[in-house]
Amino acid sequence: MFISNTNHSEDQPPHLKLKDPAVPIAINLARYAAPEQRYCPAGVYEIVGQDEGEPRLQINAQNCVHCKTCDIKDPTQNINWTTPEGGGGPNYPNM
Ligand code: SF4
């Protein structure tokens, strides 16, 4: 049996993770007016749903240019940036 392990870029697991998904709204937006919307040069972090009164943080991870700013600058260190594609090498299945 042949198992295709083709690695499409659209299928990448998210490399930007929030330790606590409630923090961007409960703390970052409330106290600091969501700084991730300003320090990210690629517009990855977006507060959406404010008009409906249900703000949430949308992460456009596909726009990320891997500058690592969010990993350093998040006020609560809630954002965990990891190297995309597990270090960059191709992932060969066992033959
Ligand atoms: S690593 Fe840089 S470009 Fe990517 S999400 Fe963080 S701040 Fe934005």
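Quantify, in whole percent, the carbon and sulfur part of the accessible surface of region 16-74 (1.4 Å probe; protein heavy atoms only).
With neighbouring chains kept in place, the figure for region 16-74 is 48 percent.
Given Cβ point charges of +1 (Lys, Arg) and -1 (Asp, Glu) and nothing else, what value in debye, to the nearest 20, does the dipole of region 16-74 about its Cα centre take?
So the dipole magnitude of region 16-74 works out to roughly 280 debye.
Under a 1.4 Å probe, what is the accessible area of region 16-74 per residue, stated in Å²?
Result: 61 Å² of accessible area for each residue.
Pull out the extension gain between residue 62 and residue 37, defined as 0.36 nm times the separation in residues minus the alpha carbon to alpha carbon distance; nm, one decimal.
Separation in residues times 0.36 nm, less the Cα-Cα distance, equals 7.5 nm.
Considering only the other residues whose Cβ falls under 14 Å of the Cβ of residue 28, what net charge follows from Lys and Arg at +1 and Asp and Glu at -1?
+1
With a 1.4 Å probe and all protein chains kept in place, how do 45, 39, 32 rank by accessible area, largest first? Don't skip to the end; give the middle numbers.
On the way: 45 5, 39 35, 32 100 Å².
Descending order: 32, 39, 45.
Show me, for region 15-28, the HN-Hα J-couplings you get by feeding each phi into the Karplus relation (A = 6.51, B = -1.76, C = 1.60, θ = phi - 60°), rounded to Hz, glycine and proline as x.
For region 15-28, the Karplus curve yields 9, 10, 10, 9, 5, 10, x, 7, 4, x, 8, 5, 10, 4 Hz.
Taking the dipole about the Cα centre of region 16-74, with the C-beta of Lys and Arg at +1 and of Asp and Glu at -1, give me whichever of 53, 63, 25 is farthest to the positive side.
Farthest towards the positive end: 63.
The values are calculated or read from the model by the stated rules, or taken from the named source; none is laboratory data. Keep in mind that this is a model prediction, so the values were computed, not measured. Methodologically, a virtual Cβ is constructed for each residue, glycine included, from the backbone with ideal geometry; neighbour enumeration extends over all protein chains shown. Heavy atoms of the whole protein, side chains included, go into the accessibility calculation; ligands, DNA and RNA do not. Shrake-Rupley method; radii C 1.70, N 1.55, O 1.52, S 1.80 Å.
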